[in-house]
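**Student:** Before I ask anything, here is the structure I am working with.
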Amino acid sequence: MWVDPDDDPRETDAAPADERGILLDYLRAYRLTLEMKCAGLDAEQMARRSAPPSTMSLLGLVRHLTEEERHFRRVMAGDDAPNLYRTDEDRDGAFNGALPDPAIVEDAWRQWRTEAELTDRYLAGVTDLGTLNAGHSDLGPEPGGQLQLRDVLLAQIAEYARHCGHADLLRERIDGRVGQ
């Protein structure tokens, strides 16, 4: 899984010159990292649980991060984007429903790419990191309060970073592959 820096899709020649560019570059890099950690795995491997009783799997992470992309749009754009996997009855539905079925894996990747694209579309239309949320926020010190785009974008990056660390361990447990 080690990628030569000259071939690493996360590396670019253009260094971002401002805060917004840096944040968007981090988000892009962590999304690519997630894809790289899952590359070449079949449905059984994607759905393989970390260690009982945990329900964490790479497929569960993809589904969970899909929910996080939707959450970003609910908070910032005010979009009507209800949860896809999580319910009141099953708060861990993204993980519990991550079954070793090729159709479920394919659907998870399709949903994740769609949601990431919709987040990117929102971000392309908003240049001011001080833009306030249009939707209800459950983030920050005051639920329902106002948040700046900067804060929500940082929370999204932190969510990806945390779960890419989990993905490292999950992938190593599956086939011993490690990488940067």
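**Student:** Could you check T66 against (1) in contact with a Phe, Trp or Tyr (Cβ under 9 Å, 6 or more places away or on another chain); (2) part of a loop (DSSP other than H, G, I, E, B) and say which number it fails?
**Tutor:** In the conditions (1) in contact with a Phe, Trp or Tyr (Cβ under 9 Å, 6 or more places away or on another chain); (2) part of a loop (DSSP other than H, G, I, E, B), T66 misses (2) alone.
**Student:** Right, another one. Of the residues A77, A47, A124, which single one is out of contact with any strand residue (DSSP E or B) (no Cβ under 9 Å at 6 or more places or on another chain), of a type in the set (G, A, S) and closer than 27 Å to L170 by Cβ?
**Tutor:** From the options A77, A47, A124, the qualifying one is A47.
**Student:** Considering region 85-116 alone, what residues qualify as being free of Cβ contacts under 8 Å to residues at least 40 places away in the same chain and surrounded by 17 or more Cβ atoms within 10 Å (Cβ to Cβ)? Even if it seems obvious, please write down each step before you answer.
**Tutor:** Here is the first cut: in region 85-116, the ones free of Cβ contacts under 8 Å to residues at least 40 places away in the same chain are 85-94, 97, 103, 106-107, 110, 113-114.
Result: Y85, R86, G93, A94, G97.
**Student:** Related question: Mind listing whichever residues of region 42-63 are within 19 Å of E159 (Cα to Cα), in a loop (DSSP other than H, G, I, E, B), out of contact with any His (no Cβ under 7 Å at 6 or more places or on another chain) and in contact (Cβ under 8 Å) with a residue 12 or more places away in the chain?
**Tutor:** Passing the criteria: S50, T55, S57.
**Student:** If you don't mind, another one. Looking at this structure, is R74 touching a residue at least 24 places away in the same chain (Cβ under 8 Å), open to solvent by 50 Å² or more (accessible area, probe 1.4 Å) and over 19 Å from D101 (Cα atoms)?
**Tutor:** When the stated conditions are applied, R74 passes them.
The values are calculated or read from the model by the stated rules, or taken from the named source; none is laboratory data. Everything quoted here is computed from the prediction, not taken from an experiment. Note: ideal-geometry Cβ built from the backbone for every residue, glycine included; neighbour counts use all protein chains shown. Note: areas computed on protein heavy atoms with side chains; ligands, DNA, RNA excluded. Shrake-Rupley method; radii C 1.70, N 1.55, O 1.52, S 1.80 Å.
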